[in-house]
Amino acid sequence: QVQLVESGGGLVQAGGSLRLSCTASGRTFSTYAMGWFRQAPGKEREFVAGISGSGDSTSYAASVKGRFTISRDNAKNTMYLQMNSLKPEDTAVYYCNADLYDTIVAGKGDGAWGQGTLVTVSS
């Protein structure tokens, strides 16, 4: 089972930027799709962005499209989420997920999960 570790969360003012990272264990990183999900206080976990194993396909939630960019470096076993123009409603714990691409972009998020990293956007 792959193990995932997120990093890069923190406190930022509205309009600012953060880059999250998710590092995976194992030597088969490029064989599975990855995704970012988030859970705000009192809300259900929701899909944010997904990327195929090769990195050729990406998908975004409507709420972040144009502001967030998902990418991966298979040589480093790491996935990234560049978050720009952050809004207070982006405040949440962000989780990375490894699974099939169709499963991730459908928002189902089965498979392996990281422990999460907190992003707080102040107004």
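Using only alpha carbons, region 70-122 has a radius of gyration to Kirkwood radius ratio (Rg to Rh) of 0.99. Straight-line cross-link partners of residue 87 among the aspartates and glutamates, defined as a Cα under 18 Å from its Cα and at least 8 positions apart when in the same chain: 46.
Distance between the modelled labels on residue 13 and residue 54, one decimal in nanometres: 4.4 nm (7 Å Cα→Cβ projection).
Report the semi-axes of the equivalent ellipsoid for region 1-41 in whole Å, largest first, where each axis is √(5λ) for an eigenvalue λ of the Cα gyration tensor. Spell out each step's value before the answer.
Numbers: eigenvalues 132, 24, 18 Å².
Calculated on Cα positions only, the semi-axes equal 26, 11, 9 Å.
Antiparallel beta bridges, as assigned by DSSP with both residues in the chain, represent about 90 percent of the total such bridges.
Placing +1 on the Cβ of every Lys and Arg and -1 on the Cβ of every Asp and Glu, with no other charges, gives region 29-73 a dipole of roughly 180 debye about its Cα centre. Contact order, relative form, for the chain: 36 percent (alpha carbon pairs under 8 Å, 6 or more residues apart, mean separation divided by residue count). Karplus-derived 3J(HN,Hα) values for region 104-113, using 6.51 cos²θ - 1.76 cosθ + 1.60 with θ = phi - 60°, are 5, 6, 7, x, 7, x, 7, x, 7, 10 Hz; glycine and proline are entered as x. Sequence-distant contacts, meaning Cα pairs under 8 Å at least 6 residues apart, place the relative contact order of region 11-71 at 23 percent.
Only helical runs count toward this figure. For the chain, summing -39,500 (n - 2.57) over DSSP H runs of n ≥ 4 and dividing by all residues gives -1000 deg cm²/dmol at 222 nm. Computed 3J(HN,Hα) for region 58-64, one whole-Hz value per residue from the Karplus formula 6.51 cos²θ - 1.76 cosθ + 1.60 where θ = phi - 60°, is 9, 8, 9, 5, 4, 5, 10, glycine and proline marked x. Surface composition of the chain: carbon and sulfur make up 46 percent of the accessible area, probe 1.4 Å.
The values are calculated or read from the model by the stated rules, or taken from the named source; none is laboratory data. No experiment lies behind these values; they were computed from the predicted model shown. Ideal geometry is used to build each Cβ from the backbone, glycine not excepted, and the neighbour counts take in all protein chains shown. Ligands, DNA and RNA are excluded from the accessible area calculation, which covers all protein heavy atoms including side chains. Shrake-Rupley method; radii C 1.70, N 1.55, O 1.52, S 1.80 Å.
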